[in-house]
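Down below is the structure, laid out as structure tokens.
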Amino acid sequence: MERDDINQESKEEFSSAVNKQKGRVANKLIQNTSFISAEQKRSWNKDGYILLKGFCSEKFCDDLNQEVIEIIHSIIKKEDQFSHAYAGNGHLAIREMKPNNNAKNIEDEISKLFRIHSVGLFKDFIFRKDLLDILEDLIGRNIDCFLSQFIFKNPGAWGQPWHQDSSYFPFDREPQVGVWIATSKATIENGCLVVLPESHLEPLHEHLPDDRKNSNYGYTEIKDHDFSKEIPMLLDKGDVLIFHSFLMHKSYDNQSSERRTAMVYHFAETGTNFGEIDSPTNEWVSVRGKGLVHD
């Protein structure tokens with residue numbers, strides 16, 4: 001069997017597993033809040049996201065970017081054989097399937113780095129009180145961070161197609177909440193995130209395999225929807241987007257000469273059941289409420 005055939009078979013198997021959850025419906029609207037403003041509550045209920053301008057400093061973003069590259073170099077050595085996935089020190093790095101002919105360093109070929117929210121600056125962020133106050137209004141008083149991924153959108157990299165994050169989370173409680181930090185400026189040219197307001201009010205849609213040759217493993221696509229009301233999220237370094245796990249979103253291709261980067265966390269209510277087999281990218285860390293272990 002050829003490599004492309006194997007890749008297509010893997011995509012179809014993954015898509016089949018994703019679509020076992022099709023038709024799930026999330027909790028709709030939040031009612032009583034203690035921390036977020038009336039405008040933020042309206043934005044969450046109506047559009048499915050909250051935008052926090054300048055929530056992180058540019059220095060913090062620069063430090064995150066540098067720390068990620070150090071982790072990449074610590075788990076991938078020059079003498080290592082070519083692979084599309086590398087694991088080490090509890091982290092998981094995924095290589096871009098689409099070749100980058102201009103790559104000079106290993107980070108120029110990486111798509112995502114997972115499982116980093118239990119170390120360093122990445123851990124510090126998930127315990128920020130002002131962040132957790134917002135999440136408490138959206139999730140409840142007991143909060144876990146279960147997933148972290150740093151996104152490298154290197155020059156020439158394709159965007160991810162339209163999808164809902166809950167398609168990857170076969171959990172028994174809804175919703176989960178994504179927290180997206182723009183660690184570099186995000187523009188249309190360099191492949192910014194794109195959202196479809198109000199789509200969080202819909203059930204989970206069918207997700208089909210991304211049929212582009214050399215598309216990344218795990219990429220699936222919603223095709224049964226009108227996306228004409230999409231909104232590009234043009235973010236400055238340090239802006240944070242908090243979004244509902246049923247919100248449809250995608251990203252554009254990076255047609256610039258510079259890398260676009262983002263740090264993304266996903267949070268859930270403590271006690272959420274993740275199914276029979278948890279994803280290897282997940283790492284459950286309690287950050288507020290009854291799940292915390294006190295010394």
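All of the numbers you see were taken from the coordinates with simple rules; none came from a lab. Just so we're clear, the structure is a prediction, and the values are computed from it rather than from any experiment. Cβ coordinates were reconstructed from backbone atoms using ideal geometry, including for glycine residues, and neighbour counts include every protein chain displayed.
Peptides 176-182, 165-171 ranked from most to least packed, by the mean per-residue count of other Cβ atoms within 10 Å: 176-182, 165-171.
Using Cβ point charges alone (K and R +1, D and E -1), the dipole size of the chain about the Cα centre works out to roughly 480 debye.
Peptides 275-284, 251-260, ordered by how many other C-beta atoms sit within 10 Å of their residues on average, highest first, read 251-260, 275-284.
Extending 7 Å from Cα along the Cβ direction at GLN31 and again at ASP278 yields two label points whose distance is 3.2 nm.
When each of the peptides 53-64, 236-247 is scored by how many other beta carbons lie within 10 Å of its residues on average, the order from highest to lowest is 236-247, 53-64. List the aspartates and glutamates whose alpha-carbon lies under 12 Å from that of LYS223, not counting same-chain residues fewer than 8 positions away? Within the straight-line cut-off, LYS223 pairs with GLU206, ASP210, ASP211. Within the chain, all pairs of alpha-carbon atoms sorted by distance into 10 Å bins from zero give the percentages 6, 28, 39, 23, 4, 0.
Rounded to two decimal places and with Rh computed the Kirkwood way over Cα pairs, what is Rg over Rh for region 100-188? A ratio of 1.00. Here r is the Cβ-Cβ distance between LYS104 and ASP63 and R0 is 35 Å; the resulting FRET efficiency, rounded to 0.05, is 0.95. Which pairs in the list LYS123/LYS153; LYS41/LYS153; LYS53/LYS129 are over 28 Å apart, alpha-carbon to alpha-carbon? With Cα atoms farther than 28 Å apart: LYS41/LYS153. Going from the residue with the fewest nearby Cβ atoms within 10 Å to the one with the most, ASP133, ASP210 rank ASP133, ASP210. Entry note, the chain: the mean residue ellipticity at 222 nm calculated from DSSP H runs of n ≥ 4, each adding -39500 (n - 2.57), is -6500 deg cm²/dmol after division by the residues and rounding to the nearest 500. Once the Kirkwood radius over Cα pairs is known for region 111-265, the Stokes-Einstein relation at 20 °C and 1.002 mPa s delivers a diffusion coefficient of 132 µm²/s. Full extension of the segment from ASN89 to ASN214, taken as 0.36 nm per residue of separation minus the current Cα-Cα distance, would add 42.2 nm.
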